[in-house]
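The block underneath contains the structure these notes are about, expressed in structure tokens.
The values are calculated or read from the model by the stated rules, or taken from the named source; none is laboratory data. Keep in mind that this is a model prediction, so the values were computed, not measured. Virtual Cβ from ideal backbone geometry, glycine too; neighbours counted across all protein chains shown.
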Amino acid sequence: MRILDSLFRPALAAAAVLVAATLPAAAAPQPGQKFGDWSVGCEQIEGGQLCNISQSMRNEESKQTLVVAIARPPQGDPQFLIRVPLGVILTEGVGIKVDDGPAARIPFIQCLPNGCQTIVPMQADTVTRMKGGNVLNISFVAPGGGVVTAPMSLKGFTAGFDSLK
């Protein structure tokens, strides 16, 4: 699934504020390019193009999608977007954990028709753990109070992330 849908556009616009320069054309990955389980998408923003790598997981029963995307502006920290299906318990935020490493909890920033999302700067240690890991576990609390954990493959993450330079 291509991440650059109408839901991600507001997040990209917010990230564009952080971008003072553009990626050189030769360094930009190509939209649709695959790195293992990660896909490249690019968006025209003020002053140039911002590309990201993303992965999604669709629940065929509910037809809702969980999306993880990373954009790497030429200046500033990489941006981490996570969108989960509607109906989650917002006060619990979204959890991220690489393999059996430490877990982090991130608050949601908004809910839109396609889901509830957060976008935060990625810390260098998170990037390092993802590059060395196998699975990124995304967790959230469902309406009934049960925790849902979605394992996202990190196969191809390093090459995809590095392509965003």
Any hit, the range 45-55, residues being in a loop (DSSP other than H, G, I, E, B), surrounded by 16 or more Cβ atoms within 10 Å (Cβ to Cβ) and not β-branched (Val, Ile, Thr): no
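Can you tell me which of Ile82, Ile109, Ile89, Ile45 is aliphatic (A, V, I, L, M), closer than 24 Å to Lys155 by Cβ and out of contact with any Pro (no Cβ under 6 Å at 6 or more places or on another chain)?
Numbers: Ile109 fails: closer than 24 Å to Lys155 by Cβ; Ile89 fails: closer than 24 Å to Lys155 by Cβ; Ile45 fails: closer than 24 Å to Lys155 by Cβ.
On inspection, the qualifying residue turns out to be Ile82.
What's the total number of residues in the range 86-136 that are among the basic types (Lys, Arg) and in a strand (DSSP E or B)? Working first, answer last.
The initial filter retains those residues of the range 86-136 that are among the basic types (Lys, Arg), namely 97, 105, 129, 131.
Still in the running and in a strand (DSSP E or B): 97, 105.
So the count comes out to 2.
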Filtered residues of the range 104-150 (kept if under 23 Å from Arg72 (Cα atoms) and aromatic (Phe, Trp, Tyr)): Phe108
Test: residue in the range 103-112 that is at pLDDT below 90 and more than 15 Å from the chain's Cα centre (by Cα): no
Cβ-Cβ under 8 Å pairs, at least 6 apart or on other chains, the range 113-133 side under 22 Å from Gly156 (Cα atoms), far side among the small types (Gly, Ala, Ser) and surrounded by 18 or more Cβ atoms within 10 Å (Cβ to Cβ): Ile119/Ala11; Ile119/Ala15
Residue, surrounded by the most Cβ atoms within 10 Å (Cβ to Cβ), within the range 72-88, restricted to residues that are out of contact with any Leu (no Cβ under 8 Å at 6 or more places or on another chain) and farther than 18 Å from Cys42 by Cα: Val88
